[in-house]
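Quick notes on the structure that follows.
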Amino acid sequence: MTDINSTLLTAKELSTFIKFSPDYINRKLKDTVFYEGEHYIKPFGSRKVFYILESVLKEMYKASSPQEQKFVIPLTRGGVCNG
């Protein structure tokens, strides 16, 4: 659940912050990188999509290179071993 004070933006408004086109945001990033309920909402079950700026920026600045991520070894039964 998102905070009531979150900044809600349309794809066009979001594109000025993250420097991607609104079309790219809606077609490529939505549902692959940005997930409903975490990065965007559809109020009242409508087709209109509002992106949550704070969640999107947090996702963008998340460590993506292997050197910056924790070293984790997956185990057979679903657990992990921190290396």
Subject >> Single residue of the range 30-83 satisfying the filter (hydroxyl-bearing (Ser, Thr, Tyr) and either modelled with pLDDT under 90 or not in a strand (DSSP E or B) (or both)) that is nearest to Glu13 (Cα to Cα) >> reply: Ser55
Original post:
Tally time: how many residues in the range 25-48 are of a type outside the set (A, V, I, L, M) and more than 20 Å from Lys62 (Cα to Cα)?
Top reply: 9
**OP:** Please find, within the range 1-44, the residue that is surrounded by the fewest Cβ atoms within 10 Å (Cβ to Cβ) out of those that are in contact with a helix residue (DSSP H, G or I) (Cβ under 9 Å, 6 or more places away or on another chain) and basic (Lys, Arg).
**Re:** Lys12
**OP:** Those residues that are among the polar types (S, T, N, Q), modelled with pLDDT of 95 or more and over 21 Å from Lys62 (Cα atoms), I need them from the range 4-20; list them, please.
**Re:** Thr10
Original post:
Among all residue pairs at least 6 apart or on different chains, which show Cβ distances below 8 Å where the first residue, located in the range 57-83, is among the small types (Gly, Ala, Ser) and the second is assigned to a loop (DSSP other than H, G, I, E, B) and modelled with pLDDT under 75?
Top reply: Ala63/Gln69; Gly83/Phe71
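The values are calculated or read from the model by the stated rules, or taken from the named source; none is laboratory data. Just so you know, these numbers come straight off a predicted model, no measurement behind them. Positions of Cβ are generated from backbone atoms using ideal geometry, with glycine treated the same way; all protein chains shown enter the neighbour counts.
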